[in-house]
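Only the coordinates and a few stated rules stand behind these numbers; no lab work does. Predicted, not measured: the structure shown is a model, and the values here were computed from it. Counting neighbours? That spans all protein chains shown, and the Cβs are built from the backbone with ideal geometry, glycine included.
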Amino acid sequence: MSQLLFTGLVLAVGLERIAELVVSKRHAAWAFSRGGVEFGRAHYPAMVALHTGLLAGAVAEVWLLDRPFVPALGWLMLALVVASQALRWWCIATLGQQWNTRVIVVPGLALVSRGPYRWLRHPNYVAVAVEGLALPLVHSAWLTAAVFTVLNAALLTVRVRVEEQALVTAAAPTDAVRAMGQEPR
């Protein structure tokens, strides 16, 4: 029974990801209509594959390797999954139409420094990292959690570098120094 509930949870997260893609597509159209420039297209398919693999791998590991639900671990990890979703949607709401799953920057727009961006440079990636570790561990799928965490760390080294360069290239001149991390947000 717990395997079915876990599968339902992963499907719900998958539906949330589809909602993100719908929002992202709308925001991309907005950005491109205002002269937006896309950066780092080459790594995007790997990111999609990794995130799809997280969902499929977690379910497959639980069913095929008969991973148990351990209440002390599972409930804590579920709380972290919910918290990561809340942080992700706080990021989306804070960035508004500037948020996207792709790296698209509208030249001249000011950097956002409110909401979670007051304290963290890339809070959405904190949400992704926490969710990628916690979601599989809700049902003890430790192998999926470990593989995703390692691959995500490698991918984020590329992604963050691309974003930082994009912001410096396209940011308003007064924000260029902040985009490079010379000034705290």
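Using label points projected 7 Å from each Cα along Cα→Cβ, tell me how many nm separate residue 86 and residue 29, to one decimal.
The answer from the label model is 3.3 nm.
Looking only at segment 98-123, which residues have a backbone nitrogen under 19 Å from a spot 7 Å from the Cα of residue 160 in the C-beta direction?
Under 19 Å, as judged by backbone N against the label point of residue 160, lie 100-104, 112-114, 116-123 of segment 98-123.
Give the relative contact order (percent, whole number) for segment 2-179; include only Cα pairs under 8 Å separated by 6+ residues. Intermediate values should be presented prior to the final figure.
On the way: 210 pairs, mean separation 57.1, N = 178.
Averaging sequence separation for qualifying contacts and normalising by length gives 32 percent for segment 2-179.
Relative to the present Cα-Cα distance, how much length would full extension add between residue 153 and residue 56 at 0.36 nm per residue of separation?
33.0 nm
For segment 79-145 and segment 18-33, compute the distance between their C-alpha centroids and round to whole Å.
16 Å
Counting residues in the chain as N, plug N into 2.2 N^0.38 Å and put the Cα Rg over that result.
Working it through for the chain, the quotient is 1.10.
Between residue 22 and residue 42, what is the label-to-label distance in nm when each label sits 7 Å out along the Cα-to-Cβ direction?
For residue 22 paired with residue 42, the spin-label model returns 3.4 nm.
Checking understanding here: applying a Kyte-Doolittle mean of at least 0.5 and a length along the axis of at least 24 Å (C-alpha), which whole DSSP H helices in the chain pass?
On the way: long enough: 2-33 (47 Å, 0.85); 44-64 (29 Å, 1.27); 71-95 (36 Å, 1.40); 142-170 (40 Å, 1.07).
Qualifying helices: 2-33, 44-64, 71-95, 142-170.
Rounded to the nearest 20 Debye, what is the dipole magnitude of segment 2-179 about its Cα centre when Lys and Arg each give +1 and Asp and Glu each give -1 at the C-beta?
It comes to approximately 480 debye.
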